[in-house]
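Only the coordinates and a few stated rules stand behind these numbers; no lab work does. Just so you know, these numbers come straight off a predicted model, no measurement behind them. As a convention, Cβ positions derive from the backbone with ideal geometry for all residues, glycine included, and neighbour counts pool all protein chains shown.
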Amino acid sequence: MAKGTCMSKALAVGIGVLTVSSVSGLVLMAVMYKLQIDNFPPVSPPTPTKPGIPTGIPPTLRLPDYLIPESYKVFIQPYLYAAINNNYTNQSFVFTGNSTVRVKSMAISETIYLHVHDLNVTTVEVTKLDSNEKLSVKGYTIFQNETNFLKIELKQLSGNGTYYDIFTKFEGELLDNLAGFYVSWYTKKIKAEEEEEEDQERFLATSLLQPTDARKVFPCFDEPALKAVFDITIIHRPGTIALSNEIGGAHKVEIDGEEWIVTAFEETPIMSTYLLAFTVSDFTYKSKPSSTNINIHARKDAIDAGHADYAIEVTEKILKHYEEIFDFKYPLKKIDQIALPDISGGAMENWGFISYQESGLLYDKENASTFDQERVATMIAHELAHQWFGNLVTMRWWNDLWLNEGFATYMSYIGVENAGWDLRDLIVLREIQTAFQVDSLNSSHPLSLQENYIQTSAEIIDLFDDITYRKGAAVLRMLATFITEDAFMKGIKTYLNKFQYKNTVYKDLWSCLQEETKENVEAFMSTWIEQVGYPVITIITQTGETSQEQFLLKQTGGHDIPWQVDIRYIKATDSGVKNDLLRVKGPVRRPHFELKDKDEWLLANVNCTGFFRVNYDEENWNKLRMQLERNHHVIPLINRGQLIDDAFNVARGHRLNITIALSLTKYLINDTEYIPWESALKNLDHLILMFDRSEVYGPIMKYLRKQITPLYNHFENSTINGTIPEKHTDQYNQVNAISVACSNGLPECIKNAKNLFKDYRNGTNDIHPNLRRAIYCSAIASGDEYDWEFAWKQYQRATVTAEKDKLRYALSCTKEIWLLNRYLQYTLDPSKIRKMDLVSTINYIAKNVAGQPLAWDFVRGHWSYITQEYGAGVISLGSLLDAVTKRFSTDVELEELKQFQREQEEDDQGLAARALEQVIERTEANIKWVKENKQIVKEWFMGEL
Ligand SMILES: [Zn+2]
């Protein structure tokens, strides 16, 4: 880790002051610094009684297994005020506390290991429970390396299940690094004298402990399988409320002549440390009492404006739905959900107390699009699913993180149905096609890794990726189809019931599902879970010859172990879906794949329920294309998209001529459905990225303009009238129509966007919230400096995150280099762009062809600052690298990347190492592909003009 490990306490305090004050002005900094020095002089780490600080890393970074924690009693006292005003002139970002953990000792030993990180531990006491005898502590040491071990040395600890209480006192800092117990802030409009509004900074303390940051709040056994019950008490300033996983009761106390509030929470169920959560804020809430009390907490302004109402409504529906389909009542008495100004990763499923970024929980009917509304529903559905998958039943170790995230992702599509959202088909676009991309690289990883491969926090954080979430969801969907959804849901009920409050490995899941089916679950699934990648199935319809091979964009070997592939297929003349289980690599002859009739076609992987791509002989591809052109409704909707996605990618993997893929997009002139359009646009986007700096781009633009015109016209009336179509996917496609038409120069589109934006500048914003992102972007792309400045002012003024996000995106669309460069600089100033928005903002800028080289230079130039200031946990360095290198397709760019990698290795940083390997591999694949295909692509598009 870059941060904190070698820092002295004094330095850490100094940095804490600086970072926080940078958001709130220099005056505050002076005040705070004085307070820190006066009241909380920097304390040196305790001197170990044995000389020297251990630096050697033990062979395993896991805690030894002879101590089993059973319960914790934790007191935490943050000194933060919610507001700095005349009554309180000093702000403080210190917290103190103590913790007593009761452990059962299973072996005789002389040492206790727990986790602690960035905390100053001032007292350690160990008491033997049965005799109430205080043991003499020979010394304790905090390891200054990635183990984060707190080692306590004693004379002797008995085994045989003897109980001990380990008591620690500690002090920590509330930093603004979005990890552990951290400080966040927002601006509140206060009615000052003479009715003038005035902005006031408000502060809150909140936490994000996944995966390994509970140890930053109190010394603990910070591994998911070391579950315990937690008795939490928070001591906080008057005027704030404290929240945690359980129900709390508050009373006033006086400490050293000062008034404080003590909020004591009921004991939690047995749970993992990473699911704990604490918040102290001046937020208010809205409630709905029912069998489980649902409370939504947020800024008072947002609650008063009704922005929490939608979250309450959907939470109730989704919770009820899950309780029914899992046949398991939500186990806590209440569910608090809070909208935070800053959180990394969108949301966190803390048991009984879920935290979200504001746009994930708050919905403003007036200003938000239906997509924003859908985002609230899907995020709630994801986090609520975790209350069972992850919280009630938890993976034993992080190597099986997919059991948490794959399930939550898959279930969220089912959960939202009860809240009126039919998104099931979209799982293919959003999760599966994205997982296909990442998993087609040699640098991908198997869904489940060996337990001992994952040890450091950085390795754990790396696992929160598209494979874990999206491939996880994809293989669960595949398994549900293979054994039937009915059997799948039955097995799930058994699984939850059998392993409640426990930890599992994925084989525990197979054994529960196996009870419900005749299919061999383990034999089928092990090929998808344990090995990296996925296959492309090649079917030659003249002979029925079928084979499988690992699909890689850059075909360098690949492994030879076959997958068990459940191929569901249809033919032109047959009715109904049939299936065939392919277990071997092949080629093998499958008579039912042989086509005798010249008009007959074969379509495999119906509805893309399998996690594999399909390639055919050219003749079958052509027959499928002709069917699409003749009557596309014959081909299932999902497959109209998947055929395009497979063809483009199989072509990128050098297995098909790119012109066949391109030809499949021609029929779209007659299709208005979202899934096929979106699949095509995503793939054409890649083509655009590869060629938008070359002469091929002109013909591509002209072709896209031609293809999109009917779709634009299809929605034109509603676009001009400021209305939206009824069907949700049509609403998405309306946005596609505008974005593609405007960005490819359709004059009526640009004119319309400019007019609407002009009205907005003149004070009337009639643009439907659904269309704002696309219209703002088009207007700013074709506008001038004054349009940009107007949008920037609107961004700064907006209080609703959903609106802010649309403007933040639109600002990246300008073609002016100097504006883009200045915008990049803004991303490092948290008073302009919040830390959690850094990656997406740079991503937007990099997507703009004018912004791409600027973004890469910017990230490279500020890399050490970004990694230090925003380091692991705050932002995903991997997605940042991914974003700024998407266009890379030249030897010069590859050399720049390799140079960057060498610099990283020299610095021994190891941050985002896998992501760096992935983008290098992608760049190499791009270079090869562009060399081979540039001329062919150019000629094809020229031929279509
Ligand atoms: Zn999740």
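Key figures
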{"read-out": "Any hit, segment 621-637, residues being surrounded by 19 or more Cβ atoms within 10 Å (Cβ to Cβ) and in contact (Cβ under 8 Å) with a residue 60 or more places away in the chain", "value": "no"}
{"read-out": "Search result, residues across segment 191-245 that are among the aromatic types (Phe, Trp, Tyr) and surrounded by fewer than 20 Cβ atoms within 10 Å (Cβ to Cβ)", "value": "none"}
{"read-out": "Residue in segment 349-367 that is of a type in the set (Asp, Glu), over 21 Å from Ser207 (Cβ atoms) and within 22 Å of the chain's Cα centre (by Cα) present", "value": "no"}
{"read-out": "Enumeration of residues in segment 689-746 that are in a loop (DSSP other than H, G, I, E, B) and aliphatic (A, V, I, L, M)", "value": "Val696, Ile724, Leu746"}
{"read-out": "Lone qualifier among Glu673, Glu678, Glu716 - being over 32 Å from the mean Cα position of the chain (by Cα) and acidic (Asp, Glu)", "value": "Glu716"}
{"read-out": "Helices (runs of 4 or more DSSP H) wholly inside segment 360-474 containing at least 3 residues that are away from the ligand (no atom under 16 Å from the Cβ)", "value": "370-386, 433-438, 457-462"}
{"read-out": "Some residue of segment 171-185 being within 26 Å of Gly346 (Cα to Cα), polar (S, T, N, Q) and buried (at least 20 other Cβ atoms within 10 Å of the Cβ)", "value": "yes"}
{"read-out": "Subset of segment 382-428 (residues that are of a type in the set (S, T, N, Q) and touching a helix residue (DSSP H, G or I) at 6+ places or on another chain (Cβ under 7 Å))", "value": "Asn391, Asn399, Asn404, Thr409, Ser412, Asn418"}
{"read-out": "Of all residues in segment 127-159 being under 12 Å from Pro219 (Cβ atoms) and touching a Leu at 6+ places or on another chain (Cβ under 6 Å), the one that is surrounded by the most Cβ atoms within 10 Å (Cβ to Cβ)", "value": "Leu150"}
{"read-out": "Filter result for Phe488 (in a helix (DSSP H, G or I), more than 16 Å from the ligand (Cβ to nearest atom) and either among the charged types (D, E, K, R) or closer than 21 Å to Asp327 by Cβ (or both))", "value": "yes"}
{"read-out": "Considering residues of segment 882-895 that are farther than 15 Å from His686 by Cβ and in contact (Cβ under 8 Å) with a residue 24 or more places away in the chain only, the residue surrounded by the fewest Cβ atoms within 10 Å (Cβ to Cβ)", "value": "Asp891"}
{"read-out": "Close pairs from segment 495-506: first assigned to a loop (DSSP other than H, G, I, E, B), partner among the hydroxyl-bearing types (Ser, Thr, Tyr) and surrounded by 19 or more Cβ atoms within 10 Å (Cβ to Cβ), Cβ under 9 Å, at least 6 apart", "value": "Phe499/Thr394; Tyr501/Thr394; Lys502/Thr394; Val505/Ser448"}
{"read-out": "Single match in Pro535, Pro562 (criterion: in contact with a Phe, Trp or Tyr (Cβ under 7 Å, 6 or more places away or on another chain) and of a type outside the set (Asp, Glu))", "value": "Pro535"}
{"read-out": "Pair list, Cβ < 8 Å and 6+ apart or interchain, from segment 401-414 residues that are on the phi < 0 side of the Ramachandran plot to residues that are of a type in the set (Asp, Glu) and more than 11 Å from the ligand (Cβ to nearest atom)", "value": "Thr409/Glu431"}
